[in-house]
Every structure is written in structure tokens, then in C-alpha cells.
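A.B. asks: Before I ask anything, let me first share the structure, which is written out below as C-alpha cells.
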Amino acid sequence: MKKQIILSLLAAVAVQNSYCKDINLEQYVKKYWTAYQNKKLEVGNGDKRWPVTPDLKAERLRHFVAMLNRFAPHQVEEAYQIDRIFGWEKGTYLGLLRFGAKKVEVKPEKINPSHECTSWITMDNMTGGKEIIMHKNRDTKKRLLTIQRRALPGKHAWIGSGSCYSFYPAQGINDRGVVVLMNSGDAHVESENSQYGLSTGIICRILLEECGTAEAAVEMLGKIVADNAYTHVECGSIWFIGDYKNVYIVEQNARKFVSKAVNSGFIARANAFHYPETQISSLRSCKSLIAHSRREFSVRDFLVNTQWRKNGVITPLDIAASSRIDKVDGDPKCYPPCGKSTISGTTFVIDKEYPEFLSSVYAALSSPASSCYLPIPMTLKEVPEEICNGSYSDRSLKLMEKKLPLLPADKLAVLEKRLYERHQAAVEKARVLLRTSTKHTVKDDVAKILNDAFAENFKDLQSSVK
């Protein structure tokens, strides 16, 4: 009976987002979106590989806005508000979202770095039974990164990581413990059909804000694809969507959509389709497929053979270590899980008992090789200034350019263990309170425990790397 009361309180919290408030949009972008300030931006023409005429560009933009209005009309209004804040013509920010900005020419290697994201899932039968762990090493062009925190009225609050100049996460978790992240999939034969619709970052935010379960998120993603509202240039996508009950891996392109459940154990995925239903339209070469398979195996070998079989459990500290694998045994030329274009690592821990409160994010806002994983609670109210303005990420990105670590390996291991143990102690203290208290202030008491631990961890991290 007591647990039912607590669960009812938690359900109310998730709907009302009462443990945090949304940002003040105008104040936030004026303060932190420095790349857009006092600049007259011109909407670009999209990817150079798929040039568009003015008429085709206008047609695709109309379709983009129509799809955004269909699935997330509040985001259209938010885009118009951003136009007003920066004094842009109405519709400019929507154009930037769809086509990007016109830029000065840069060297080809800076336009198309290796995009070799690697993600993996560790189910609860390998984590001690209390949690499911989902992780993503992200590869893309270097950019300042931040922790994005939104809590719009009537929508699910969420935490994600992504660009300092965006509200569209590369990956995230919402206030029901629903995790959404994505790897690029195979190039496919119908690539021109995917030149319309919403980007994967926009889709990620839609799923986080609209869906209270993993099952609902998969269903909505299927509707987005079916309505021709998805775009990812010439590649398909591999989605990892999970909550405390169900975890799914979805492979899809503009014409095919296949979802399958992950029920137990461990699975690592790079950028290659595995399902026969999607492989039939793939253009991936045998050589490329072998490279992706080796990258997947290197993570599995480390976590399953080295860690789990020795210790009987996999923890976020093990995930952090695996995210720093910088070579593939037996094939030194194979791109590793942590390579030259790996700009972030993000671990999501879904708590199976109280996912709304005790789930966590462990974020490395640069290459895991040059940064430290910071534990972040779901109850976080405000993201620290240094993270919002990009200076926290910039410090590690500069080290990444020089191929230097944030700290010597032994000192980093001690620091990450200390941060992890402090966060875990707060989680377990909060768990006891959730199990035993019937006070109407339980959500505030739990939030204080977790947020105080975060503040202490952040201070500890900052002082340790000066």
C-alpha cells in the first residue's frame, strides 16, 4: 500500500514536471547562443551531395514545417520566438534547422569526418538487477557541447547532451526514464526519398517530450517514418529506445521500419544494419561491414569477457572504461570505438524501481579519452554556468585536438570512482526515502539529496582538473 502511494506521487511528478522548471528561452539564448549573436545568417542549401534548386528547397522547407507542425507544433512557435529574439525574418530558424547556414568553404576532411558511432546496451541481468544501462559514443564534427535540460508545461521533462546552440539532443532521457539515442545506419538505395522531413535530433526531442514509455516512443517513431517525416540524408538510422520494462533496437530508412526487443544480456551496435529486412536495401560493402563488426566485438569482449565474467556485474565505471577503447585488437587500421572523431560519451542508467527519480546520466562532453564522466541526476534543476556556456566542453575538446587526457589514467580512475560512489550513495539514500516515506514533500526531499550530491561532484571535478 505504501509503495502504491509513492508510485502515485511519482506519476504526478512526471506529468507536472514539478521537480524542475523550463528555461527562460529569451534569457538563455541571449546569454549562451553566442554563435548567433549580432550575426546575419543566411539559410544554406543543405548537403552538398544533394544540391537543390530554389523551388525544390522551398518545397522541402514547406514539408518540413508541415511535419513539425503535425508532430510538435510548439517547436514551430519556439522557432519563431528565436527569430524574434535575434531579429531575424520569420522562418529563418526553421530554415537553419532544415538546411543549416551558408558557410565559408573548409577543407573536405573537416566537412566529412569519420562518422563511426558505437552504442551498447547492458540489460539488468548483467547489472545486478536494479538497472538497465544504455550508452553511446558519438562521432561527428567537433563542436561545443552542453547538457540540455527542458521541462515544457504539459510535456515530459528531459535531459540530453548536444550542441551548445541547439535544443535538439543527440541523445536523452525523460522524466519517465525513457531513453532515446541513435546511430547512423547503412546507406540505402532509396536515399532521395529521405531528403524530406525532420532530422534525427528533432525526432529525438519529439519522442522524449511526447512519450511516457519506450513502446509509445517506438510507435511514434514508426508514424513519423510512415508519414514521410524523417530525413537523414543518404543513411538510415539505428535507434536504441528503452525504459525500465522494455528496450528496443529499431533499424529504419525512409521506406523500411523494423523494431525488435532486447530481452536480456548485452548487445553492441556500430553503424551497420543487422536485420535481414533492412539489409536488403543496404549499400554497405563487405569490408565496411567487417570493420563495424570488429568495433562491436571489441566493446563486447571488454565488457563481457573481461569485466562481467570476472566480477559478475557491469557498472557505469566499466562502461566508461569501455568507451575509451582506442584500438581494435588484431586490426590496428580498424576505426576503434573511441577514435579521432569521437566527440562525446553518454551513459544512461535506467533505475528499474523508481525510473522517474533515480535514473541517471553520465556525460563526457568531449572524447571520453580527454574528459571525465560526470553523474547527473534526473532531478537536476539547473545546469551549471560552465556547462551552458561551453567552457566546460571546450577545455576537453582542446585536449582532444592535442590527443591528451584530462588527467593521468590513474588519477582519472580515482576521480571517476569518487564521483560515482558519491552519486550512488545519494541514489541509495533517496531510494530508502522513497520506500519508507509517505510525506507529501518526498519528491523535494529526494531531489535535494540527489542535487546536493551533483553540486558536490561538479565542484570536486572542477577543482581536480585545475
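The values are calculated or read from the model by the stated rules, or taken from the named source; none is laboratory data. All values reported here derive from a predicted model rather than from experimental measurement. Here Cβ is always computed from backbone atoms with ideal geometry, including for glycine, and neighbour counts include all displayed protein chains. All accessible areas refer to the heavy atoms of the entire protein, side chains included, with ligands and DNA or RNA removed. Shrake-Rupley method; radii C 1.70, N 1.55, O 1.52, S 1.80 Å.
A.B. asks: Just to be sure, is Asp326 among the charged types (D, E, K, R), at pLDDT 95 or above and more than 15 Å from the chain's Cα centre (by Cα)?
C.D. replies: Working: among the charged types (D, E, K, R): yes; at pLDDT 95 or above: yes; more than 15 Å from the chain's Cα centre (by Cα): yes.
In short, yes.
A.B. asks: (1) within 27 Å of Arg300 (Cα to Cα); (2) of a type in the set (D, E, K, R); (3) open to solvent by less than 40 Å² (accessible area, probe 1.4 Å): which one isn't true of Lys245, the others all being true?
C.D. replies: (3)
A.B. asks: Within the stretch 306-336, take every residue that is β-branched (Val, Ile, Thr) and touching a strand residue (DSSP E or B) at 6+ places or on another chain (Cβ under 7 Å) and give me the one that is farthest from Met400 (Cα to Cα).
C.D. replies: The selected residue is Ile314.
A.B. asks: Within the stretch 39-100, considering only helices (runs of 4 or more DSSP H) that don't extend past its boundaries, which have at least 3 residues that are without any contact (Cβ under 8 Å) to a residue 24 or more places away in the chain?
C.D. replies: 54-71, 73-86
A.B. asks: Ile203 versus (1) β-branched (Val, Ile, Thr); (2) open to solvent by less than 10 Å² (accessible area, probe 1.4 Å); (3) in contact (Cβ under 8 Å) with a residue 40 or more places away in the chain: which is the lone unmet condition?
C.D. replies: Of everything listed in (1) β-branched (Val, Ile, Thr); (2) open to solvent by less than 10 Å² (accessible area, probe 1.4 Å); (3) in contact (Cβ under 8 Å) with a residue 40 or more places away in the chain, Ile203 misses just condition (3).
A.B. asks: Inside the stretch 213-266, counting only strands (runs of 3 or more DSSP E) that do not spill past its ends, which hold 1 or more residues that are more than 22 Å from Arg138 (Cα to Cα)?
C.D. replies: Values: elements: 235-242, 247-252, 257-261.
Qualifying strands (runs of 3 or more DSSP E): 257-261.
Quick grid of which residues meet (1) in contact (Cβ under 8 Å) with a residue 60 or more places away in the chain; (2) more than 19 Å from Ala170 (Cβ to Cβ):
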| residue | (1), (2) |
| --- | --- |
| His232 | no, no |
| Trp239 | no, no |
| Lys245 | no, yes |
| Gln252 | yes, no |
| Gln279 | yes, yes |
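A.B. asks: For the list (1) crowded, with 18+ Cβ neighbours inside 10 Å; (2) modelled with pLDDT under 90, I need the number of the one condition that Leu68 fails.
C.D. replies: Of the numbered conditions (1) crowded, with 18+ Cβ neighbours inside 10 Å; (2) modelled with pLDDT under 90, the odd one out for Leu68 is (2).
A.B. asks: Still on this structure, I have one more. Just checking, which of Ala217, Ala254, Ala268, Ala187 is among the small types (Gly, Ala, Ser) and closer than 20 Å to Ile159 by Cβ?
C.D. replies: Numbers: Ala254 fails: closer than 20 Å to Ile159 by Cβ; Ala268 fails: closer than 20 Å to Ile159 by Cβ; Ala187 fails: closer than 20 Å to Ile159 by Cβ.
Going through Ala217, Ala254, Ala268, Ala187 in turn, the sole match is Ala217.
A.B. asks: To continue, here is another question. Filter the stretch 17-55 for residues that are modelled with pLDDT under 75 and under 28 Å from Ile387 (Cα atoms); which is most open to solvent (accessible area, probe 1.4 Å)? If you could, list the steps in order and put the result at the bottom.
C.D. replies: Filtering the stretch 17-55 for residues modelled with pLDDT under 75 gives 17-19, 46-51.
Next cut, under 28 Å from Ile387 (Cα atoms) only: 17-19.
Working: Asn17: 6, Ser18: 47, Tyr19: 7 Å².
Selected residue: Ser18.
A.B. asks: A follow-up question, please. Would you check if there is a residue in the stretch 408-428 being open to solvent by less than 40 Å² (accessible area, probe 1.4 Å) and outside any helix (DSSP H, G or I)?
C.D. replies: No, the stretch 408-428 contains no residue that is open to solvent by less than 40 Å² (accessible area, probe 1.4 Å) and outside any helix (DSSP H, G or I).
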